[in-house]
């Protein structure tokens, strides 16, 4: 399985459809050292997920029944955007905890939207039923080769922009983004998985030795609230010995506030989670270790300008 070749092909496929997001080297945040930031919250629909969505839709034919996706909000918005831009119909299922900001973002794409009670897993069940009934093509939020390869383009792009870090910190929900990081970096840089204490599917899987169900809650649950980590992510995390750390809701919100107050970078809680591991000391770099953080989402709730 040659993940790097798949990611290179994905990068060529989605070129022109996604934003080449900027990077920033900066001090501050009370760290005492500089950190490299990848501003992926500036991607279409406010998250990295447009990469996987476009890669999937451009990889093969789409059935007449269109596209279906389950999402905590961000994936659904990305799929809806990509589908609209490529001329396909889309039906998105989200849980009510997605919140009005992300629900409104999906609605503005013109996609058909169904809001269900419960968590992401409940939306996924409803989407699977729709797929079976209609023949629509489902785009999985994280546990699919095309999705992971698409997210991996973020890290290929970052290296092309001159990334020098020894260690990359990545927030984890279901594992699509960190799966892409591990698939591209192939152990050449340390990858640290950062999860909320109350939504920690990868951490639990690594402790148990297999993906397992976890309970989900907290400030980042509508983005990092997967009940079970994807098998692709888990396998890559084991293969490349990803380190796993947990952060509190308080640490996440402090990092979110610091990004706004110090650098005027507006991110949702999930987007601040990776930085919070440094600010809180959940991950402590060795002396001289160069660290990088991906800011993965911008869809704060409520929408600050509406």
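The values are calculated or read from the model by the stated rules, or taken from the named source; none is laboratory data. Note that the structure is a prediction, hence the values are computed from the model and not measured. Quick reminder, even Gly has a Cβ in these numbers, built from the backbone with ideal geometry, and neighbours come from all protein chains shown.
Taking strands (runs of 3 or more DSSP E) as the structural unit, those lying wholly within the stretch 156-256 and holding at least 3 residues that are touching a residue at least 60 places away in the same chain (Cβ under 8 Å) correspond to 167-171, 190-196.
Would you check which residues across the stretch 107-149 are part of a loop (DSSP other than H, G, I, E, B) and within 30 Å of residue 235 (Cβ to Cβ) and list them?
Matches in the stretch 107-149: 118, 119, 135, 136, 139, 140, 141, 142, 143, 144.
Which of the residues spanning the stretch 250-272 are closer than 14 Å to residue 35 by Cβ and under 19 Å from the mean Cα position of the chain (by Cα)? Of everything in the stretch 250-272, those that are closer than 14 Å to residue 35 by Cβ and under 19 Å from the mean Cα position of the chain (by Cα) turn out to be 255, 259, 265, 272. Of all residues in the stretch 110-120, those being more than 20 Å from the chain's Cα centre (by Cα) and crowded, with 17+ Cβ neighbours inside 10 Å number 3. Can you find a residue in the stretch 31-42 that is crowded, with 21+ Cβ neighbours inside 10 Å, in a helix (DSSP H, G or I), under 17 Å from the mean Cα position of the chain (by Cα) and on the phi < 0 side of the Ramachandran plot? Yes - at least one qualifying residue is present in the stretch 31-42.
Being at pLDDT 95 or above, in the same structural domain as residue 158 (by TED's automatic domain parsing), surrounded by fewer than 24 Cβ atoms within 10 Å (Cβ to Cβ) and touching a strand residue (DSSP E or B) at 6+ places or on another chain (Cβ under 6 Å): is that true of residue 270 here?
Taking the combined requirement at face value, the residue does not satisfy it.
Out of 247, 229, 238, one residue alone is more than 23 Å from residue 35 (Cα to Cα) and buried (at least 24 other Cβ atoms within 10 Å of the Cβ). It is 229.
If I go through the stretch 65-90 residue by residue, how many of them are touching a residue at least 40 places away in the same chain (Cβ under 8 Å), surrounded by fewer than 17 Cβ atoms within 10 Å (Cβ to Cβ) and assigned to a loop (DSSP other than H, G, I, E, B)?
Step one: list which residues in the stretch 65-90 are touching a residue at least 40 places away in the same chain (Cβ under 8 Å), which gives 65-75, 77, 79, 82, 85.
Remaining after also requiring surrounded by fewer than 17 Cβ atoms within 10 Å (Cβ to Cβ): 65, 85.
Retained after the next criterion (residues that are assigned to a loop (DSSP other than H, G, I, E, B)): 65.
Going through the stretch 65-90 one residue at a time, the tally reaches 1.
To keep it simple, each residue is scored yes or no on (1) surrounded by fewer than 24 Cβ atoms within 10 Å (Cβ to Cβ); (2) in contact with a strand residue (DSSP E or B) (Cβ under 8 Å, 6 or more places away or on another chain); (3) closer than 19 Å to residue 76 by Cα.
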site: 147; (1), (2), (3): no, no, yes
site: 157; (1), (2), (3): yes, no, no
site: 160; (1), (2), (3): yes, no, no
site: 166; (1), (2), (3): yes, yes, no
site: 169; (1), (2), (3): no, yes, no
site: 181; (1), (2), (3): no, yes, no
site: 184; (1), (2), (3): no, no, no
site: 187; (1), (2), (3): yes, no, no
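Here residue 22 clears all of (1) more than 17 Å from residue 292 (Cα to Cα); (2) more than 16 Å from the chain's Cα centre (by Cα) except the condition numbered (1). For residue 132, the conditions (1) out of contact with any helix residue (DSSP H, G or I) (no Cβ under 6 Å at 6 or more places or on another chain); (2) farther than 17 Å from residue 43 by Cα; (3) touching a residue at least 40 places away in the same chain (Cβ under 8 Å) are fulfilled apart from (3). Scanning the stretch 9-21 turns up one or more residues that are touching a residue at least 40 places away in the same chain (Cβ under 8 Å) and in contact with a strand residue (DSSP E or B) (Cβ under 7 Å, 6 or more places away or on another chain).
Of all the criteria given as (1) within 25 Å of residue 19 (Cα to Cα); (2) in contact with a helix residue (DSSP H, G or I) (Cβ under 6 Å, 6 or more places away or on another chain); (3) assigned to a helix (DSSP H, G or I); (4) in contact (Cβ under 8 Å) with a residue 40 or more places away in the chain, the one not satisfied by residue 272 is (4). Go through the residues of the stretch 97-106 one by one and say whether even a single one is buried (at least 18 other Cβ atoms within 10 Å of the Cβ) and assigned to a strand (DSSP E or B). No, because not a single residue in the stretch 97-106 is buried (at least 18 other Cβ atoms within 10 Å of the Cβ) and assigned to a strand (DSSP E or B). Checked against the criterion of being in contact with a helix residue (DSSP H, G or I) (Cβ under 7 Å, 6 or more places away or on another chain), in the same structural domain as residue 258 (by TED's automatic domain parsing) and either at pLDDT 95 or above or under 30 Å from residue 301 (Cβ atoms) (or both), the candidates 39, 31 yield just one match: 31.
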